[in-house]
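Visitor: Structure below; questions to follow.
The values are calculated or read from the model by the stated rules, or taken from the named source; none is laboratory data. All figures in this text were calculated on a predicted structure; none of them were measured in a lab. Methodologically, a virtual Cβ is constructed for each residue, glycine included, from the backbone with ideal geometry; neighbour enumeration extends over all protein chains shown. Calculation scope for accessible area: heavy atoms of the full protein, side chains included, ligands and nucleic acids excluded. Shrake-Rupley method; radii C 1.70, N 1.55, O 1.52, S 1.80 Å.
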Amino acid sequence: MDYLKTVIPSHLMNERGSNIIVINPGSANVRIASAKHDNPLNIPQCIARYTSQVPKLNVQDQMLNVQVTTALHMEREKAYDTIASLLKIPFIDEELGNSSYPRKMGRLDAYNPQNNMMDTVFNWTNVYTESTSKDRSLVKDMTNEYMGQAEGTDSKEVSLNERKFKQFICGEEALKISSTEPYCLRRPIRRGHLNVSQHYPVQQVLEDLHAIWDWILIEKLNIPHSQRNYYSAVLVVPESFDNREIKELLTIVLRDLHFTSAVVHQEGLAAAFGNGLSTACVVNIGAQVTSVVCVEDGVALPNTEKTLTFGGEDISRCLLWTQRHHQTWPQIRTDVLTKPIDLLVLNRLKESYCEIKEGELDAVAVVNSYEDGSPPGSHRTRLIALNVPPMGLFYPTLLVPEVYPPPPRQWFKDHEDMLEDSWQPEFPRSELYPGMTVGLPMWDSYPIFRAKPKKEEKIGIAEAVTSSILSSGRLDLQRKLFCSIQLVGGVALSNGLISVMEERVLETIPPTEAIDTVQVLQSRTDPTFVPWKGGAILGVLDYAREAWIYREDWIRNGIHIRSGRKYKDSYFLQAQAMCYINT
């Protein structure tokens, strides 16, 4: 301990973090790097696999999406008008010049430095493998011989036959594949859960997740299979994950990726440590899911978790809907459902131009279009009402989730639950699984028993924060949490979000509560990487490694109830018996 008092933190991270890989998977991206690094790689967690299926699906999930009903459209327009009243801008069907509010405009300059990212034009991904020099020499000799035997053969035709498709493509390159190419895009995690459905079996989901992480380790981090036994892994998992899903990730890390040991930490708890806090209300706004959890003295409180099924990608889609409704979007075919590259474009526009401020907010932007078989096109247009989409965090009916709804949860039957309180064979089966049914689709036929309730709330982010903090119990703790709200995730970078969050949370506190102050703390580092950074810190400081699971033990024994060693993590894993035999 004397060493820890005198060592320089950066030296400690370099010394002990060089052989620890921190993996923080999300619904859209995975953040991964060695613990010694300041920031991780932030790579889209998707894979495009070559397919010969006809007709071809561009995206594996596109058959799961639902149509927006008339009632949902009406609720969305009503939410828009509510937001417009708060921001003092025209209502959705009101002419811009006829607003009852004094005209107060904000203009985003096209030369704003934060908008430079929009100058980047995506190029279609090259889906062909590069042949080695030996292969090219052999092909050339065979081509010359063939050309000598068959005069008049077109050399271009022969060279085309030499090209071979890549079997799979990962990361951002997978999102930029033309739909004319024989590839199908898959996302192993969707809306905070493993993306299991009748179109995407669990085995394929796990194989794809393994392929993505293995590709990153080899191609991006330069860690081949032969060196993995020198590394340990820290898994920073979202609060939305179920026990079975955590077990599957551990199996991928220890058995398939060949790490020598691993430990699991909850994302909210890691985020608190990432900003150097011991007590905080952590609000993690991800790409597809927003989660809220309270942490007290380094322990996440079990009854404070809230999961909201919307995030940054929903704001991007709302931006598209808003511009189309006001007829300011260019006359191009933008389809986030079957053209993943269009979602990249919308995300860039959202990050560059959307912010929360009072008054009309518009900007002149360049929108790039990507039509199959054609080079990228550029369209200069005026985007309006740019402050409305981010307000959907507080009025979620504005963010109609017609794209990628949450996957069905009853996809597994876990005989080896990670929690001791959910493994109780003495109770009759009917009491354990009251919802068991027969004759339904695949995932509905599996029995479930929820040891930890995972409620997906249909409320706004301010109501979720207030409800979470008020669930913590003591008044002194509630007051402390209301003054220690921490925003993490990419959306936390949105201009104006902090002040609106403080104002809206204060308004949602019941008047009967003796609380009159709300404060959102500034993040000490990039909010996108705070949970990953916390995982790195926890991994480096864990000298005893009592909670770490070793590869040989996990493969040989898996989980065993009431065995000698306890696995302790944050709230639903903390002080619970997710354990394995230590032989």
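Visitor: Need the full-extension length gain, residue 483 to residue 62, defined as separation in residues times 0.36 nm minus the C-alpha distance. One decimal, nm. List each step's numbers first, then the result.
Guide: Values: separation 421, 0.36 × 421 = 151.56 nm, distance 4.23 nm.
Extra length available between residue 483 and residue 62 comes to 147.3 nm.
Visitor: Quick check: pseudo-label points 7 Å beyond the Cα along Cα→Cβ at residue 14 and residue 524, how many nm apart are they?
Guide: My value for the distance between the label points is 2.0 nm.
Visitor: Counting heavy atoms of the protein chains only and a 1.4 Å probe, report the per residue accessible area for the range 241-356 as a whole number of Å².
Guide: Numbers: 2840 Å² over 116 residues.
Heavy-atom accessible area per residue stands at 24 Å².
Visitor: So, one more: What FRET efficiency would be calculated for the residue pair residue 72, residue 380, taking the C-beta separation as r and a Förster radius of 30 Å, to the nearest 0.05? Before the final figure, lay out each step's value.
Guide: Numbers: r = 32 Å, r/R0 = 1.08.
Calculated transfer efficiency: 0.40.
Visitor: While we're looking at this one, here's another question. What does a probe at residue 458 reach in the range 68-91, counting residues whose amide N is under 14 Å from the point 7 Å along Cα→Cβ?
Guide: In the range 68-91, the label zone of residue 458 (backbone N under 14 Å from the point 7 Å along Cα→Cβ) covers 69, 71-73, 75-76.
Visitor: Sticking with this one: Tell me, what is a quarter of the convex hull surface for the C-alpha atoms of the range 220-284, in nm² with one decimal? Before the final figure, lay out each step's value.
Guide: Numbers: hull surface 22.5 nm².
Its Cα hull, projected and averaged over all orientations, spans 5.6 nm².
Visitor: Can you flag which of 36/533; 220/339; 36/176; 176/220; 88/306 are past 21 Å Cα-Cα?
Guide: Values: 36/533 10 Å; 220/339 26 Å; 36/176 31 Å; 176/220 19 Å; 88/306 31 Å.
Pairs exceeding 21 Å: 220/339; 36/176; 88/306.
Visitor: Continuing with this model, one more query. Take the Cβ-Cβ distance between residue 53 and residue 516 as r, set R0 to 41 Å, and report the resulting FRET efficiency rounded to the nearest 0.05. Please report the intermediate quantities before stating the final value.
Guide: Details: r = 61 Å, r/R0 = 1.48.
Efficiency, from the Cβ-Cβ distance: 0.10.
Visitor: While we're looking at this one, here's another question. Could you check how many percent of all C-alpha pairs in the range 169-293 are farther apart than 19 Å?
Guide: Details: 4519 of 7750 pairs.
Percentage above 19 Å: 58.
Visitor: Here's another thing I want to ask about it. Based on the Cβ-Cβ distance from residue 555 to residue 81, what FRET efficiency comes out when R0 is 45 Å, to the nearest 0.05? Could the numbers behind the result be given before it?
Guide: Working: r = 58 Å, r/R0 = 1.28.
Rounded to the nearest 0.05, the efficiency is 0.20.
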